[in-house]
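This report refers to the structure that appears directly beneath it.
The values are calculated or read from the model by the stated rules, or taken from the named source; none is laboratory data. Just so it is clear, the structure is predicted and the values come from calculations on it, not from any experiment. Neighbour counts run over all protein chains shown; Cβ positions are idealised from the backbone, glycine included. These area figures cover heavy atoms from the full protein model, side chains too; ligands, DNA and RNA do not enter into them. Shrake-Rupley method; radii C 1.70, N 1.55, O 1.52, S 1.80 Å.
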Amino acid sequence: MTTTLITGANKSLGLETARRLIDAGHTVYAGMRDLGRGDAVAALGAHPVQLDVTDQASVDAALAALPELDVLVNNAGVLGTSFGVDDLTPETMQDVLDTNVVGLVRVTQAALPLLRRSSRPVIVNVASGVGWPRFLTSEGADEFAVPTIPYAASKAAVITLTVQYAKNLPGFRVNVSDPGYTATDFNGHGGHQTVTEGTDATVALALLGPDGPTGEFHNRHGRIDY
């Protein structure tokens, strides 16, 4: 049996990832800040776990509650409240980085002792094409018109730290996914993809075996060239 922890698992992409991995036979622990919002994921058969990625004590308690761990899906993230230069402040930048980057590292570091006991450890970090300069500068791409600075910078950092984690953990499969422009709360459900399409890459990477790729960036169509 494969044991998986998903952060931010109580709604949207996290909830759909939990559903699909449970269907694939995983035992899923669903991390969320507020256990009162865990009914939907519990109904799928997941085990809700209180986990706030910005709180070290919460992260430590969540990981201590797990009997084992094979797959970590770092899905939790925030869009932030700054959407351009005029409303950008150090504080709005810090808020996004604390969750999307520092929070991801906080959870990953706490999970490493359990993952190192697994015979096939996997880490999937959920980023975004908004963090990829080639997409941000390609007219016609969904990402081209996005002006937000903190979110884009945070997801660029997630892509880079994934590469570095993969190099440091050669026995792991560590990859990063781009959900694409998916209908979620982030965009007022205006995205043109379903949450199932938006989790295709994350689920595929979570199901990798020891011979799978590592240090790569994937969307639902496959590997994105660096």
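Things to note:
- Hits in segment 193-226 - residues which are at pLDDT 95 or above, among the hydroxyl-bearing types (Ser, Thr, Tyr) and closer than 14 Å to Gly129 by Cβ: Thr202
- Taking the numbered list (1) part of a loop (DSSP other than H, G, I, E, B); (2) open to solvent by less than 20 Å² (accessible area, probe 1.4 Å); (3) not acidic (Asp, Glu) in turn, Val96 passes all entries but (1).
- Of everything listed in (1) of a type in the set (Gly, Ala, Ser); (2) in contact with a helix residue (DSSP H, G or I) (Cβ under 7 Å, 6 or more places away or on another chain); (3) under 20 Å from Ala9 (Cα atoms), the single unmet condition for Ser58 is (2).
- Leading residue by the ranking (surrounded by the fewest Cβ atoms within 10 Å (Cβ to Cβ)) among those in segment 106-117 that are in contact with an Asp or Glu (Cβ under 9 Å, 6 or more places away or on another chain) and under 14 Å from Asn74 (Cβ atoms): Ala110
Conditions tested, residue by residue: (1) buried (at least 22 other Cβ atoms within 10 Å of the Cβ); (2) not acidic (Asp, Glu).
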residue: Gly31; (1), (2): yes, yes
residue: Leu72; (1), (2): yes, yes
residue: Ser82; (1), (2): no, yes
residue: Asp87; (1), (2): no, no
residue: Leu104; (1), (2): yes, yes
residue: Arg120; (1), (2): no, yes
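- Val130 at pLDDT 95 or above and either open to solvent by 50 Å² or more (accessible area, probe 1.4 Å) or not in a loop (DSSP other than H, G, I, E, B) (or both): no
- Of all the residues in segment 33-47, those that are assigned to a loop (DSSP other than H, G, I, E, B), crowded, with 16+ Cβ neighbours inside 10 Å and within 19 Å of the chain's Cα centre (by Cα) number 3.
- Candidate set: segment 139-155, residues that are hydrophobic (A, V, I, L, M, F, W, C) and part of a helix (DSSP H, G or I); chosen: the one nearest to Gly180 (Cα to Cα): Ala152
- Taken over segment 142-177, the criterion of being closer than 22 Å to Glu197 by Cα, open to solvent by less than 30 Å² (accessible area, probe 1.4 Å) and either modelled with pLDDT under 95 or of a type outside the set (Ser, Thr, Tyr) (or both) is satisfied by Glu143, Ala152, Lys155, Val158, Ile159, Val174, Asn175, Val176.
- Residues that are part of a loop (DSSP other than H, G, I, E, B) and surrounded by 23 or more Cβ atoms within 10 Å (Cβ to Cβ) within segment 8-25 comprise Gly8, Ala9, Asn10, listed in sequence order.
- Flag if Leu5 is open to solvent by 10 Å² or more (accessible area, probe 1.4 Å), of a type in the set (A, V, I, L, M, F, W, C) and within 17 Å of the chain's Cα centre (by Cα): no
- Pairs where the first residue, in segment 62-90, is over 20 Å from Ser128 (Cα atoms) and the second is of a type in the set (Asp, Glu) and open to solvent by 20 Å² or more (accessible area, probe 1.4 Å), C-beta under 9 Å, 6+ apart: Ala62/Asp52
- Any hit, segment 54-61, residues being modelled with pLDDT of 95 or more, under 16 Å from the mean Cα position of the chain (by Cα) and surrounded by fewer than 16 Cβ atoms within 10 Å (Cβ to Cβ): yes
- Qualifying residue in segment 9-28 (condition: out of contact with any Lys or Arg (no Cβ under 8 Å at 6 or more places or on another chain) and farther than 22 Å from Val122 by Cβ): no
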